[in-house]
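Participant: First the structure, then my questions, so here it is.
The values are calculated or read from the model by the stated rules, or taken from the named source; none is laboratory data. Just so you know, these numbers come straight off a predicted model, no measurement behind them. For neighbour counting, all protein chains shown are included, and Cβ atoms are generated from backbone atoms with ideal geometry for every residue, glycine included. We work out accessible area using only protein heavy atoms, side chains counted, and drop any ligands, DNA or RNA first. Shrake-Rupley method; radii C 1.70, N 1.55, O 1.52, S 1.80 Å.
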Amino acid sequence: MGGTAVIALGAGIFAGTRITSPADAIARTAAPEASEVTVPVELRTLNSEVVTRGDVTSAGAVDVTPETGGLETPPIVTGQVPEVGAEITEGAALLEIVGRPLIALAGELPMYRSLRPGMSGPDVEQLELTLDRLGLDPGEVDDEYTAATGNAVAELFERIGYEPPAPDPQAEAELDAANDAVDQAEDAVEDAEEALDAAAPGPDGAPADEDALEDALDDARERLEEAEAARDEAAAAAGTPLPASEVMFVPSLPRRVDEVHVRRGGQVDGAVMSVSGASLVVTANVDEADYELLAVDQAVSIEVPTGEQVPGTITAIAEAEGEGATGWDVTITPGELTPEQAEALRGQNVRVTVPIESTDGDVLAVPLAALTAGPGGESRVEVMRDGVAELVEVEVGLTAQGYAEVTAVDGTLAEGDLVVVGDGGEDTDDGSDE
């Protein structure tokens, strides 16, 4: 009995050590008393920046639609079909239609009519400015299409290996007739001169009527001058023309071929290709807050999909237009790109970073959560020193990247000091931790 009692007592004591009351269990599993959450003061460089994304496109896409209404035969493509990605330069053939080139020239006015000597207008002036820029001599640059203009046009075609456009047949016929008239007038002058030189006394010894012969010579010379003037006028009219079907003016060159809608042997029906500026632009959209920080000519950094950073410049800022549009559209022109970078950027949506402000090297910085406002509106941080909180008034400089530049005004603050950013997680009214 005694042994049994001892065993029972031991079992009871062991069981008692394993049994926990609900109150004890709660006490043992309760969270420890909240303490201050601190982080060290850092020494770092702060950069304020606007970060957005933009679409990369080619500048100024244009559809190339040749004027084929003046052709006497169906507009069949006979050659010079470019490949997508090819570069079109000024003075080069965009395409060949019925054996004739379609030449690319830079200008705002479209080629809305065929030009020939004797015509005038702003389109003639644009043509002469273009010819002069290409090193061809159109004579005096004005709005008059002269024989010199036609000669420069002829040289333009010869440069790319094509015969110049043929003059108007009627003008050529009139020039031939004018040349014949000059030949006849020259013969008449020659005959009148010979008659005067051969003048001799009459049969009765009377002197020849030299006055009449001289008058006849003067008349012949006058008719020659008139014939030569008519010949010069006819020659100008028979100068090299410029058919509307053989030139395409686009706003700027060079350009890149984006799409080709025709093939050799096919017939032209509408746009034959789409060309865009060889240069790239990035278009981003920002809200009002970021718009206030941006300006034209501001430098930016563009992230290439390969991971490289390339420089760029803001070239335009305009309020977004269109149905449902909001914010501001920012146009960015990349700096000089390698062919590989340009190809990697084309058609992509890329990250754009616009530096706004930066500290001059490393400064003391604390998280924004460490800043509190004093009773007078002054900024301050709470520094833990040997377990005791000390309020230090600070002057706040640049804020960026979740940090603020701080300088102690009342008290001391140094790198590594622990500043309070939270109270350890007291429950808020909404049940979340602060």
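Participant: Would you check which residues across the range 134-156 are touching a residue at least 24 places away in the same chain (Cβ under 8 Å) and open to solvent by 70 Å² or more (accessible area, probe 1.4 Å) and list them?
Facilitator: Scanning the range 134-156 gives Glu144, Asn151.
Participant: Return the only residue of Val409, Val392 being part of a strand (DSSP E or B), buried (at least 17 other Cβ atoms within 10 Å of the Cβ) and either at pLDDT 90 or above or acidic (Asp, Glu) (or both). Working first, answer last.
Facilitator: Working: Val409 fails: buried (at least 17 other Cβ atoms within 10 Å of the Cβ).
Residue meeting the stated conditions: Val392.
Participant: Here's something else I'd like to know. Residues of the range 89-113 being part of a loop (DSSP other than H, G, I, E, B) and within 19 Å of Glu158 (Cα to Cα), which ones? Explain how you work it out, then say what you get.
Facilitator: Keep residues of the range 89-113 that are part of a loop (DSSP other than H, G, I, E, B), which gives 89-92, 98-99, 107-113.
Those that are part of a loop (DSSP other than H, G, I, E, B) and within 19 Å of Glu158 (Cα to Cα): Thr89, Glu90, Gly91, Ala92, Val98, Gly99.
Participant: Can you name every residue in the range 122-133 that is open to solvent by less than 30 Å² (accessible area, probe 1.4 Å) and either within 20 Å of Ala238 (Cβ to Cβ) or among the acidic types (Asp, Glu) (or both)?
Facilitator: Across the range 122-133, the qualifying residues are Asp123, Val124, Leu127, Glu128, Leu131.
Participant: Restricted to the range 157-184, and to residues that are in a helix (DSSP H, G or I) and open to solvent by less than 30 Å² (accessible area, probe 1.4 Å), which residue is nearest to Arg116 (Cα to Cα)?
Facilitator: Ranking the candidates gives Ala171 first.
Participant: Still on this structure, please answer the following. Of all residues being aliphatic (A, V, I, L, M) and modelled with pLDDT of 90 or more in the range 266-280, which is nearest to the chain's Cα centre (by Cα)? Just the residue, please.
Facilitator: Only one residue tops the list, namely Val275.
Participant: While we're here: Being under 17 Å from Ala237 (Cα atoms) and outside any helix (DSSP H, G or I) is the filter here, so list the residues in the range 134-156 that pass it. Give the derivation first.
Facilitator: Of the range 134-156, the ones under 17 Å from Ala237 (Cα atoms) are 138-139, 143-154.
Passing the criteria: Pro138, Gly139, Asp143, Glu144, Tyr145, Thr146.
Let's see how each residue does on (1) within 19 Å of the chain's Cα centre (by Cα); (2) open to solvent by 40 Å² or more (accessible area, probe 1.4 Å):
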{"position": "Gly54", "(1), (2)": "yes, no"}
{"position": "Ser58", "(1), (2)": "yes, no"}
{"position": "Pro66", "(1), (2)": "no, no"}
{"position": "Glu72", "(1), (2)": "no, yes"}
{"position": "Pro75", "(1), (2)": "no, no"}
{"position": "Gly79", "(1), (2)": "no, no"}
{"position": "Gly91", "(1), (2)": "no, no"}
{"position": "Gly99", "(1), (2)": "no, no"}
{"position": "Leu102", "(1), (2)": "no, no"}
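Participant: For Gly397, which of the numbered conditions (1) open to solvent by 70 Å² or more (accessible area, probe 1.4 Å); (2) at pLDDT 90 or above fails to hold?
Facilitator: Result: Gly397 passes all but (1).
Participant: Scan the range 338-362 and report the pairs whose first residue is under 18 Å from Leu46 (Cα atoms) and whose second residue is in a loop (DSSP other than H, G, I, E, B) and open to solvent by 60 Å² or more (accessible area, probe 1.4 Å), with Cβ atoms within less than 8 Å and a gap of 6+ or a chain change.
Facilitator: Val354/Leu293; Ile356/Leu293
Participant: Out of all the residues in the range 261-291, which are assigned to a strand (DSSP E or B) and closer than 21 Å to Ala106 by Cβ? Steps first, answer last, please.
Facilitator: To start, the set of residues in the range 261-291 that are assigned to a strand (DSSP E or B) comprises 267, 273-277, 280-286.
Within the range 261-291, Met273, Ser274, Val275, Ser276, Gly277, Leu280, Val281 qualify.
Participant: Considering only the range 240-260, how many residues are under 20 Å from Ala59 (Cα atoms) and not polar (S, T, N, Q)?
Facilitator: Matching residues across the range 240-260 total 12.
Participant: For the range 108-121, which positions are crowded, with 20+ Cβ neighbours inside 10 Å and touching a Pro at 6+ places or on another chain (Cβ under 8 Å)? Full working, then the answer.
Facilitator: Here is the first cut: in the range 108-121, the residues crowded, with 20+ Cβ neighbours inside 10 Å are 111, 115-117.
Passing the criteria: Leu115, Arg116, Pro117.
Participant: If you go through the range 34-65 one residue at a time, how many are among the small types (Gly, Ala, Ser) and farther than 30 Å from Leu253 by Cα?
Facilitator: Filtering the range 34-65 down to residues among the small types (Gly, Ala, Ser) leaves 34-35, 48, 54, 58-61.
Next cut, farther than 30 Å from Leu253 by Cα only: 34-35, 48.
Qualifying residue count for the region: 3.
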